[in-house]
Amino acid sequence: MLRPLKVLLSAPKGLLTRCCSGFVSRMRYVNRLKEDDEACAAALQNGHIFLFHRLSPLLQRTEWGTFTPAALICSDVQSILERLGSDTTLLKDSVLIGCSEQNQTQFCLDVGELDQAAVEEECEGKFIDLRKAFFLLRGAEAPLVAKGQALLRWHQTSGFCSATGQPTHRNQAGSQRVCTSSGIVYYPKMSPVVIVLVSDGKRCLLGRQSSFPRGMYSALAGFCDMGETLEETLSRELAEEVGLEVHSIAYSSSQHWPFPHSSFMVGCQASVSPAHTQLKVDHTELEDARWFTLEEITAALQVKTPPKRGDPPVLWLPPKHALANRLITEWTEQQQRSEEGE
C-alpha cells in the first residue's frame, strides 16, 4: 500500500513562519490574477516573460557556461516584436505561470509564427527542444519551463469545445477557456501516470523504449486506466511489461512531466521476491528491461553527459530533476545505508 505523505518541518519557527507567510501571499496573489483580467494585464507589464518557439524554450548561456531560461521584461519583448515586424498584440497571448520568490510575476509566450533565427539573434539565446533542455537546466528551472510548455500546448490544442465544436476563449491569465456557445469552462488537465522502481533486495529493474537515447534506461511507468487505483495501475503495468508480481509498494514523491502531453507522475518504490525475478519482457512495450546492481547504478549516476556517437556503450540515466532519477538515487542511498549497517 502507499505510505501517507509526510511533511517534515525542520526550519526554525521564526524562519518557517516568514517562509510560509511569503508563500501564502504569493499563492493568493497568483490566484487573484487568475480571477481578475485587469489585474493580470497590469501584472504582465511588469512581469518576466519566457519565450518559446513552437514549444521549445529560449535558453541563454551564462558567463559560467551553463544555460538558463531567458527571462525578458514586457517592454523588451514588445520592442523585439516591433523590430521583427510582428503585431505587438501577440503579447496578450502570454500565459501566467506563477510568481517567483522575489514576487516577480512569470508568464510564457510562444512566438512560433516568427522567424526562429531572428528571435534568437535579438535575444542572444537559442530555442532548444525541451527534452534536450532538461539536461542543460538546473533543477529549479526545469519545472518552470515544463509548466510553461504544458500550458502553451494546452491552449494550442483546446481552441474548440469538445461538446459543441464552437470556439473557446481564454481568460487573461490563460488559466481557463470558456465555450462561447454553451458556457462550458475548460481547465488544463494532466494524465495520471505511475512510475516505479522495482527491487529484488539487491538489484533494481530498469527498462528502455526504442525512442530513448542510446544507452538510456529508466524506471518503468504506465498511464492509469479509468477506474484504477495507483496500486492497481502499478501492479498491472509490471505484469504486462515484464511479467512480475510485486508484494510491497511504497509512495515516494510526485512530479509534473510535460511528456507526452502533460502527465502527473506518481513515483513509487516496489519490491518483488528474490525467488521470482525472471523477466518476461513485452517487446511491444519495451525494447529491453534488465536488473542492475548497486555498483552499476552508482557508476551510472556519475555520468554527467550523454555518450556521443562512437563512444563505448555506457548506462545513462534520466536527468537529475526527473522523478525517475530521484527514485533511482533514493534506492541507491537506501542500499548503501543497508550495506554500511551489515
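The values are calculated or read from the model by the stated rules, or taken from the named source; none is laboratory data. Every value quoted in this text rests on a predicted model; they were computed, and no experiment measured them. Methodologically, a virtual Cβ is constructed for each residue, glycine included, from the backbone with ideal geometry; neighbour enumeration extends over all protein chains shown.
Summary table
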| read-out | value |
| --- | --- |
| Residue within the stretch 43-64 that is of a type in the set (Val, Ile, Thr) and loosely packed, with under 15 Cβ neighbours inside 10 Å present | yes |
| Enumeration of residues in the stretch 184-230 that are buried (at least 19 other Cβ atoms within 10 Å of the Cβ) and part of a loop (DSSP other than H, G, I, E, B) | TYR217, ALA219, CYS224 |
| Every residue from the stretch 61-86 that is farther than 18 Å from GLY112 by Cα and either within 21 Å of the chain's Cα centre (by Cα) or of a type outside the set (S, T, N, Q) (or both) | ARG61, GLU63, TRP64, GLY65, THR66, PHE67, THR68, ILE73 |
| Residue list for the stretch 65-81, filter: among the aliphatic types (A, V, I, L, M) and surrounded by 15 or more Cβ atoms within 10 Å (Cβ to Cβ) | ALA70, ALA71, LEU72, VAL77, ILE80, LEU81 |
| Selection count where residues are assigned to a loop (DSSP other than H, G, I, E, B) and of a type in the set (Val, Ile, Thr), scope the stretch 159-173 | 1 |
| Flag for THR105 being crowded, with 16+ Cβ neighbours inside 10 Å and outside the structural domain of HIS256 (by TED's automatic domain parsing) | yes |
| When residues of the stretch 292-302 are limited to those that are closer than 15 Å to LEU205 by Cβ and not β-branched (Val, Ile, Thr), the one surrounded by the most Cβ atoms within 10 Å (Cβ to Cβ) | ALA300 |
| Residue, farthest from ALA150 (Cα to Cα), within the stretch 55-72, restricted to residues that are touching a residue at least 60 places away in the same chain (Cβ under 8 Å) and of a type in the set (Val, Ile, Thr) | THR66 |
| Residues of the stretch 81-113 satisfying the condition of being free of Cβ contacts under 8 Å to residues at least 12 places away in the same chain and assigned to a loop (DSSP other than H, G, I, E, B) | GLY85, ASP87, GLN102 |
| Residue list for the stretch 140-183, filter: in contact (Cβ under 8 Å) with a residue 24 or more places away in the chain and on the phi > 0 side of the Ramachandran plot | GLY174 |
| Neighbours by Cβ (under 6 Å, 6+ apart or cross-chain): first from the stretch 200-224, assigned by TED's automatic domain parsing to the domain that holds LEU279 and hydroxyl-bearing (Ser, Thr, Tyr); second assigned to a strand (DSSP E or B) and buried (at least 21 other Cβ atoms within 10 Å of the Cβ) | TYR217/LEU206 |
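Yes/no matrix, rows are residues, columns are (1) in a loop (DSSP other than H, G, I, E, B); (2) without any contact (Cβ under 8 Å) to a residue 40 or more places away in the chain; (3) at positive phi; (4) outside the structural domain of LEU197 (by TED's automatic domain parsing):
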residue: ALA270; (1), (2), (3), (4): no, no, no, no
residue: PRO274; (1), (2), (3), (4): yes, no, no, no
residue: ASP282; (1), (2), (3), (4): yes, no, no, no
residue: LEU286; (1), (2), (3), (4): yes, no, no, no
residue: ARG290; (1), (2), (3), (4): no, no, no, no
residue: GLU295; (1), (2), (3), (4): no, yes, no, no
residue: ALA299; (1), (2), (3), (4): no, yes, no, no
residue: VAL303; (1), (2), (3), (4): yes, yes, no, no
residue: GLY310; (1), (2), (3), (4): yes, yes, yes, no
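Quick grid of which residues meet (1) loosely packed, with under 14 Cβ neighbours inside 10 Å; (2) modelled with pLDDT of 95 or more:
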residue	(1), (2)
VAL281	no, yes
ARG290	no, yes
LYS304	yes, no
TRP316	no, no
PRO319	no, no
LEU327	no, yes
